[in-house]
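Working notes for the structure below.
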Amino acid sequence: MSDITGLPDGWEVRHSNSKNLPYYFNASTKESRWEPPSGTDPEKLKAYMATYHSGPSGIAGLPAEGKIRCAHLLVKHRDSRRPSSWRENNITRSKEEAIEILRGHEQRIKSGEIRLADLAVSESDCSSARKKGDLGFFGRGEMQKEFEDAAFALKPGEISSIVESPSGVHLIERYV
Ligand SMILES: O=C(CCc1ccccc1)N[C@H](Cc1nc2ccccc2[nH]1)C(=O)O
């Protein structure tokens, strides 16, 4: 059993956005359920939920358990889910062209010439551009899977390689 959550080994608490409710998920068996599994220590679980799942940012602005904070720079292309943005009403570039553009941004960022946040303001096709690409805190289950997996694989401070999602191609920087 996990000392932190009180749940049996392998089980974790996740957040259902659609129902805005916590649910219980076993990553190895892929089981999920609305009620804690048998073998849970109810007092430990109650304390854990009170601390980490009390609201979007948990206690005192700390990220609620399982939440991370990222910024990203998105370049859309004609096959993006929504090939339009604040930058360009009708985006017709190909995915290959989008990747080339993002490679250029990646070189400038990784050489230290400019920060991702400062380039996102003018170059990102996401509405978060006006917030320097900052997406705020999010947990698993809140973003497109390809984006989520890449973001959660980063350590705080790390910048991803080029990540493809239904929205386009991204560079992701994990803050917290
Ligand atoms: O969905 C949004 C808004 C994202 C956002 C989250 C939190 C704060 C501000 C913006 N924008 C889409 C483009 C887009 N697709 C994404 C997929 C994953 C992460 C960020 C993304 N941004 C679009 O503009 O088409």
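The values are calculated or read from the model by the stated rules, or taken from the named source; none is laboratory data. No experiment lies behind these values; they were computed from the predicted model shown. Every residue, glycine among them, receives a Cβ derived from its backbone with ideal geometry; neighbour counts consider all protein chains shown.
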Of the conditions (1) within 12 Å of the ligand (Cβ to nearest atom); (2) buried (at least 18 other Cβ atoms within 10 Å of the Cβ); (3) closer than 24 Å to residue 18 by Cα, residue 120 fails just one. Which one is it? (3)
Where in segment 89-161 are the helices (runs of 4 or more DSSP H), entirely inside, with at least 2 residues that are free of Cβ contacts under 8 Å to residues at least 60 places away in the same chain and among the aliphatic types (A, V, I, L, M)? 116-123, 145-153
Can you tell me which residue in segment 1-26 is modelled with the highest pLDDT, limited to those that are out of contact with any Pro (no Cβ under 8 Å at 6 or more places or on another chain) and not in a loop (DSSP other than H, G, I, E, B)? 25
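Residues are listed down the side, and each one gets a yes or a no for (1) within 21 Å of residue 88 (Cβ to Cβ); (2) within 16 Å of the ligand (Cβ to nearest atom):
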position	(1), (2)
104	yes, no
127	yes, yes
150	no, yes
153	no, yes
158	no, no
166	yes, yes
176	no, yes
What single numbered condition from (1) in contact with a strand residue (DSSP E or B) (Cβ under 7 Å, 6 or more places away or on another chain); (2) surrounded by 13 or more Cβ atoms within 10 Å (Cβ to Cβ) fails to hold for residue 156? (2)
Consider segment 129-145. How many of its residues are surrounded by fewer than 19 Cβ atoms within 10 Å (Cβ to Cβ) and near the ligand (Cβ under 8 Å from one of its atoms)? 4
Among the listed residues 42, 37, which satisfies the condition of being over 20 Å from the mean Cα position of the chain (by Cα), surrounded by 12 or more Cβ atoms within 10 Å (Cβ to Cβ) and modelled with pLDDT of 90 or more? 37
From the list 123, 113, exactly one residue is more than 19 Å from the chain's Cα centre (by Cα), of a type in the set (Asp, Glu) and over 13 Å from residue 75 (Cβ atoms). Which is it? 113
Run residue 9 past the list (1) more than 23 Å from the chain's Cα centre (by Cα); (2) surrounded by 11 or more Cβ atoms within 10 Å (Cβ to Cβ) and report the number of the one that doesn't hold. (2)
Options 50, 64: the member that is assigned to a loop (DSSP other than H, G, I, E, B) and at pLDDT below 95: 64
Among the residues of segment 90-97, is any more than 14 Å from the ligand (Cβ to nearest atom), surrounded by 12 or more Cβ atoms within 10 Å (Cβ to Cβ) and within 14 Å of residue 164 (Cα to Cα)? yes
